[in-house]
1. Summing +1 for each Lys or Arg and -1 for each Asp or Glu, what net charge is found among the other residues whose Cβ lies under 12 Å from the Cβ of Asp339?
2. Would you calculate the separation in nanometres between label points at Ser433 and Val72, each defined as 7 Å from the Cα along the Cα-to-beta-carbon direction?
3. Once you place label points 7 Å from the Cα toward the Cβ at Ser162 and Asp199, how far apart are they in nm?
4. Once the Cβ-Cβ distance between Ser356 and Thr457 is put in as r, and R0 is 25 Å, what FRET efficiency do you end up with, to the nearest 0.05?
5. Please report, in whole Å³, the volume per residue of the convex hull around the C-alpha atoms of the range 319-384.
6. What list of ³J(HN,Hα) values in whole Hz, one per residue of the range 333-345 in order, does the Karplus curve 6.51 cos²θ - 1.76 cosθ + 1.60 (θ = phi - 60°) give from phi, with Gly and Pro shown as x?
7. Each residue of the range 216-221 in order: what ³J(HN,Hα) in whole Hz does its phi give by Karplus 6.51 cos²θ - 1.76 cosθ + 1.60, θ = phi - 60°, with x for Gly and Pro?
8. Which percent of Cα pairs goes in each bin when the distances of the range 228-341 are cut into 5 angstrom slices starting at zero?
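The values are calculated or read from the model by the stated rules, or taken from the named source; none is laboratory data. For clarity, every value in this text was computed on a predicted model and none was experimentally measured. As a convention, Cβ positions derive from the backbone with ideal geometry for all residues, glycine included, and neighbour counts pool all protein chains shown. Remember, those area values only see protein heavy atoms, side chains included, never the ligands or the DNA or RNA. Shrake-Rupley method; radii C 1.70, N 1.55, O 1.52, S 1.80 Å.
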Amino acid sequence: MKKKIKSTLGYAVVFLLVFSGALLAFAARWAVNSFGDISVDEIIFHLRVPLEGTEGDVLKEFAVQALLPTIVITIFFLFLRAFSKKREKVLTYWRKHSRKELWLETGNKRKGKKTEHLLIPTVLSAKSVAVLSALFLVAGILYGASRVPILDYIKKELHESSLIEDNYVDPGEAVITFPEKKRNLVYIFLESMETTFMDEEHGGVMEVSLIPELTKLAEENLSFSSRSEGQFGGAQMVPGTTWTIAGMFSQTCGLPLRLHVNSNDMSKYDSFFPGVTSLGEILEQEGYVNWLVCGSDVKFGGRENYFSQHGNYQFLDWVRAQELGLIPQGYKETWGFEDQKLFQFARDKVTELAASDKPFNLTVLTVDTHKPKGYQCPLCQNQFETQYENVLACSSRQVYDFVTWLQGQDFYENTTVILCGDHTTMAKWFIDSKIPQDYMRSTYQVILNAAATPVQTENRQFTNMDMFPTTLAALGCEIEGERLGIGTNLFSSQPTLLEEVGYDRMNEELEYGSKYYDERFMYGEIDR
């Protein structure tokens with residue numbers, strides 16, 4: 001019995017060491033190849049929230065490129081362990097060869113015979129296999145760390161930053177004055193949309209703009225830009241803002257989204273960042289009705305929990321669309337339903353909301369332009385050499401058509417429309433082949449029909465967090481001190497935190513740990 005237990009433990013050790021090492025290496029390779037320079041924050045966040053709603057193709061890619069080779073290598077090591085368990089004994093010298101050959105002798109008691117098997121040039125002992133397994137784990141960790149900066153992340157986590165604590169303005173306590181007649185809000189998060197896709201004349205890097213309609217909207221309306229002389233450049237990416245839910249979170253509560261290795265398990269949470277006060281909550285308190293329309297499963301990445309718990313949003317997503325009969329049961333294109341349907345559903349919903357006597361906030365999230373090459377719908381044209389470029393061009397036309405339609409509605413006069421990229425693109429092949437390394441990438445951003453006049457629109461350095469107070473200002477709200485969260489109202493002359501401390505320092509500080517952030521926002525343990 002003891003030998004059996006010892007043998008089982010030996011197999012378990014080999015399995016854990018090899019499987020862990022291989023999975024770390026292949027998963028890191030898959031993540032970088034699929035998402036580009038993915039942040040450790042994003043990896044940790046998605047490991048700690050439910051995977052429900054993940055695009056099927058993403059899971060298939062992970063299974064083929066990471067899980068399958070991990071299983072194959074693990075099985076090989078387990079077979080190696082099985083061979084090593086047989087009694088090792090050198091039998092003979094093979095005189096026909098100039099090198100030694102090692103043989104394995106095994107007894108066959110039932111037949112009273114001895115059989116000899118040529119195993120391998122050098123017989124491995126069980127201990128040797130265990131050592132190789134341990135070395136394999138070390139190699140996997142080192143390779144993974146070389147592709148994903150986990151060691152640098154851990155080092156920075158041990159350093160405490162007071163940047164957020166020193167600069168945070170609690171939206172729940174701030175004096176925010178709404179206009180007597182409250183304006184409606186249509187806020188469209190544009191998946192992976194950045195000013196990079198414009199032509200060089202307008203601040204992008206393309207010879208011919210991939211998004212001419214969106215460029216036109218920026219020219220004809222209000223767009224805060226990090227550049228000058230008519231060139232466009234929106235929010236710059238800083239830690240905690242670089243993936244979809246992080247982009248939505250930071251733009252609506254003025255904080256980066258961060259989960260730490262030792263933080264609570266977000267797959268079992270009852271509340272999503274209970275210490276946060278968001279745009280949705282402020283609007284709800286003022287009598288607004290909040291809706292989120294998206295073509296994917298709203299549960300993915302914790303979006304349902306965040307928006308339902310912070311603003312009592314109602315949802316129209318891929319799951320709900322099936323329940324309502326808007327799409328057939330089981331219908332799915334990539335993440336859910338495509339933007340062609342999304343904008344039609346958004347038209348119907350905003351028309352319904354406008355017929356009510358309550359002000360509304362309709363938030364829309366597009367999906368067709370998701371990495372790696374986007375979803376090519378029947379509206380897409382073959383203008384460019386790659387599918388992704390054609391999808392970006394198609395998205396530009398669809399967004400423009402929707403905005404033009406909004407402008408023709410009776411309710412538009414009292415409605416502010418904001419278009420913002422949720423984050424910059426993760427399509428690694430596009431980044432490597434199309435974008436110069438020294439180019440400062442930024443999200444697309446434009447505000448239509450704002451109830452405020454900006455002091456300055458060019459040469460503004462800002463992040464996603466600054467969109468929170470800026471959105472309220474665009475609705476005609478007056479904000480005492482011009483700051484909410486760690487965001488600044490861009491309509492004002494108040495410098496943003498990015499303008500005050502600089503890009504390098506802000507990046508560094510937001511990568512550091514913050515006990516204040518965890519206790520106040522993640523756990524809600526610090527009283528206001």
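1. For residues surrounding Asp339, the net value is -3.
2. Once both label points are built, they end up 2.6 nm from each other.
3. 5.2
4. Efficiency computed from Cβ-Cβ geometry: 0.15.
5. 116
6. Karplus values, whole Hz, x for Gly and Pro: 10, 6, 7, x, 10, 6, 5, 4, 6, 3, 5, 5, 5.
7. Computed from phi, the couplings for the range 216-221 are 4, 4, 5, 5, 8, 10 Hz.
8. Final binned percentages: 2, 10, 17, 18, 18, 16, 10, 6, 2, 1, 0.
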